[in-house]
């Protein structure tokens, strides 16, 4: 498992980071934290159980960037969160399709369309401890988004490995 | 991370807000920034994206068709709260009886629920469905608006994991019993 994860990490590391939203790029540049890339091929590799539903979910995804920022360490305020949301909608033409708050955690979902098709999806979540951003190039079947979170959650050791690498 | 996932799943599966009655808007405005409340707001765009789903089952297609006519959903909820019944009464008092017609009342364990509808114009016979629920330790108000097909709402509630909407299936059951 660890070996596979390392291969995935290496594969991801050699991919270019182009075509991501500028707002996410700037956020990553400005703040230290966990930054993960999942490309279509790497996503397929994570699907070790060869789950067909998972394959369907990722078929229209070109790339996913996942950021996790420690809000306290990075002094990321509520005003910063508000500005980040505005940057996605005003500077990047994303449209908010959902927002919510659950157990003190705010969640916002945005999409950007071109030619009637979804070309990008942003899922943001923030609580008093952390900020999470999923910047998806392409489209995720929203009804299957739960599976994506599950995948990232089940592969949290990837994040831990990277976090460790950052610290080392 | 687990709680992030659960939160996101619940919200994404249950899925801004637009064209509601004034009363319910004021109630949401009063409490939406109160962090002791959970809230979800879903736009018509989200509903339209859900209709892109590839569906084979005819019954599911009917539900998706009903979802495509929805314009928005707002939920405001408070769990583990002792003021569930106080909030329930406050929300009910704010609903103008001239605009909203009571559809159904349900008592489920320690919870009271009331469903209201607001009539629409044109093709939308029902423009808004409001559910208010209050119990000994929780409270929820939900406003679903757009072109609403009551026959499908119970199924939409099941798809979106909105507890309480399943009671609307009883309306259909009662009709069947009469025939």
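Since every read-out is calculated from the coordinates, none of them should be taken as a lab result. What you see is a predicted model; the values in this text were computed from it and never measured. As a convention, Cβ positions derive from the backbone with ideal geometry for all residues, glycine included, and neighbour counts pool all protein chains shown.
Approximating the spin labels as points 7 Å out from Cα along Cα→Cβ, the residue B:25-to-residue A:70 distance works out to 4.4 nm.
Between residue A:62 and residue A:92, the simple spin-label model (points 7 angstrom out along Cα→Cβ) gives 1.4 nm.
Per-residue mean of foreign Cβ neighbours for A:122-134 is 2 (Cβ atoms of other chains, 10 Å radius). Once label points are set 7 Å from the Cα along Cα→Cβ at both residue B:125 and residue B:62, what is their separation, rounded to one decimal in nm? Label at residue B:125, label at residue B:62, 1.4 nm between them.
The mean number of Cβ atoms from other chains found within 10 Å of a Cβ in peptide A:110-118 is 1, as a whole number. Length gained on full extension, residue A:48 to residue A:78, computed as 0.36 nm times the residue gap minus the Cα-Cα distance: 7.0 nm. In terms of surrounding Cβ atoms within a 10 Å radius of their Cβ, A:105, B:82 rank from fewest to most as B:82, A:105. For the peptide B:37-49, the mean number of other protein chain Cβ atoms found within 10 angstrom of a residue's Cβ is 5.
Neighbour counts of C-beta atoms inside 10 Å place A:57, B:131 in the sequence A:57, B:131, starting with the fewest. Averaged over residues, the count of other Cβ atoms within 10 Å places the peptides B:107-114, A:118-125 in the sequence A:118-125, B:107-114, highest first.
Per-residue Cβ neighbour counts within 10 Å put A:140, B:24 in the sequence A:140, B:24, beginning with the fewest. Extension gain for residue B:48 to residue B:33 (0.36 nm times residue separation, less C-alpha to C-alpha distance): 2.7 nm.
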